[in-house]
1. Would you please list the contacts, defined by Cβ atoms under 8 Å and residues six or more apart or on different chains, that run from a residue in the range 54-75 that is assigned to a loop (DSSP other than H, G, I, E, B) to a residue that is surrounded by fewer than 11 Cβ atoms within 10 Å (Cβ to Cβ)?
2. Would you list the helices (runs of 4 or more DSSP H) that sit entirely within the range 1-42 and hold 3 or more residues that are exposed (fewer than 12 other Cβ atoms within 10 Å of the Cβ) and at pLDDT below 80?
Amino acid sequence: MIQMAERYGPVAFSCQGDKTALMGLDCFKKVIELQKKHRTDGHVTNTTQMSGTLLDEEGLKFLSRYNFLAGLSLDGSRDGLLIPLIARSSQLIV
C-alpha cells in the first residue's frame, strides 16, 4: 500500500474498531514510523474509530501529536473511564 501511495499520491490510513487499540500504542507508532520512512512528502492522513476505553493520556497525546482524526464511541456510564478521558482530551486540542 505504501509503495502505491508513493507512486499515486496522498494516502489515508484508517484504523477501525478496538482491535487496533488492543495491539497497543506501539502499533500506531509503527504506522507513523513507516509513513515517515516511505512518505517523506507528508501526504498522509490518519484516522481511527474506537470506543476509547483503552486510551490513556499517553495515547491521547500521541494521536494529537500526529493529527489523527479520532472518532470515539460513547460507551459506558458517566462514572466510567470514558467520560473523564474525553473531558481531558479536549484540553489537548490546540
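The values are calculated or read from the model by the stated rules, or taken from the named source; none is laboratory data. What you see is a predicted model; the values in this text were computed from it and never measured. Cβ coordinates were reconstructed from backbone atoms using ideal geometry, including for glycine residues, and neighbour counts include every protein chain displayed.
1. Pairs that qualify, where the first residue is assigned to a loop (DSSP other than H, G, I, E, B) and the partner is surrounded by fewer than 11 Cβ atoms within 10 Å (Cβ to Cβ), are Leu54/Leu22.
2. Filter on the range 1-42 gives 2-8.
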